[in-house]
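The values are calculated or read from the model by the stated rules, or taken from the named source; none is laboratory data. The shown structure was predicted, so the numbers you read here are calculated from the model rather than taken from an experiment. Cβ placement follows ideal geometry from the backbone for every residue including glycine, while neighbour counts extend to all protein chains displayed. Surface accessibility is based on the protein's heavy atoms, side chains included, excluding ligands, DNA and RNA. Shrake-Rupley method; radii C 1.70, N 1.55, O 1.52, S 1.80 Å.
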Amino acid sequence: GKLTMEIRRWIEGNTDESGRILFEVTFGNKLDSAQIVGWLAATTGREFIGGPYPRWEYVGFEDATAFGAKIEEIPPARFLELLQLYNVSWVAAWHPRSRQYLDKHPDMEGLEEVGPMRFYRVKREASYFLVGTGKVASRAPNSLSLEELSGPEVVLKYHFVKGLVTEPKSRIEPVAAGSTVPFIRLIDPPPRLRIFLDP
């Protein structure tokens, strides 16, 4: 619908691939009567977190509930920690309680409104690396390409799943890092590699 297209245009013009977008969804009739997050991710090339089926995920953001709690009950410092943990750079919210919370949050910069959605920028430096440094060169379904990797170990803000391998071959393992699902740890990685699921 028209609203979805306006949101897509705003995202393409005002965000980039350096961080993720936490997008508040609803099972009501707010956003073109559809779950649009998956489509937005597929058509903008941006990474979203929490959708399109937030009840399945701890990091879901639905109807003023985020990270498994009512948003107004999350201490501001804890909310920022979670956004940093998952490399969230922008938040989109429509619910009045969510917007009120984000408007008062000292680490949020209110941006523009698109229909019922208000966008916010998180006031922090974006990084997909929890330990070590590097660059996400490209991402696609079942493919994550990394460059300029540095450090004896690298921990990525991407979840580990069984069956992941690297090319060229490198040691890859899960690591608990404060998230409900382990993140990816690379041990002594080469400067460039690709991570994918071995079929």
Once amide H atoms are placed 1.01 Å from N in the peptide plane, what residues at a sequence separation of 5 or more from LEU111, or on another chain, have their amide H within under 5 Å of its amide H?
-> PHE119, TYR120, ARG121
Placed amide H near VAL25: partners under 5 Å, 5+ positions off or other chain = PHE61, GLU62, ASP63
Under the Karplus relation 6.51 cos²θ - 1.76 cosθ + 1.60, θ = phi - 60°, what is the ordered set of whole-Hz ³J(HN,Hα) values for the stretch 169-182, x standing for Gly and Pro?
-> 4, 8, 6, 10, 7, x, 9, 6, 9, x, 9, 6, 10, x
Surface accessible to a 1.4 Å probe, THR43 within the full protein complex, Å² = 40
Given a 1.4 Å probe and every protein chain left where it sits, what share in percent of the accessible area of the chain is carbon and sulfur?
-> 51
The pairs in LYS104/LYS135; LYS123/LYS169; LYS30/LYS70; LYS135/LYS162; LYS2/LYS135 lying past 25 Å Cα-Cα in this model are LYS104/LYS135; LYS123/LYS169; LYS2/LYS135
Would you mind counting up the charge near MET117? Only other residues with Cβ under 10 Å from its Cβ, with Lys and Arg at +1 and Asp and Glu at -1.
-> -1
Would you work out the relative contact order for the chain, in percent, from Cα pairs under 8 angstrom that are 6 or more residues apart?
-> 15
Here FRET efficiency (C-beta to C-beta, GLU17 to LEU197, R₀ 22 Å, nearest 0.05) is 0.55
So what J values fall out for the stretch 183-196 if you push phi through Karplus, 6.51 cos²θ - 1.76 cosθ + 1.60 with θ = phi - 60°, rounded to Hz, Gly and Pro as x?
-> 8, 8, 10, 10, 9, 6, x, x, x, 10, 7, 10, 10, 7
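Quote the relative contact order of the stretch 99-199 in percent (integer), defining contacts as alpha-carbon pairs under 8 Å separated by 6+ residues. Can you show the working numbers first?
On the way: 195 pairs, mean separation 23.3, N = 101.
Averaging sequence separation for qualifying contacts and normalising by length gives 23 percent for the stretch 99-199.
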With a 1.4 Å probe and every protein chain left in place, work out the accessible area per residue of the stretch 146-185 in Å², rounded to a whole number.
-> 54
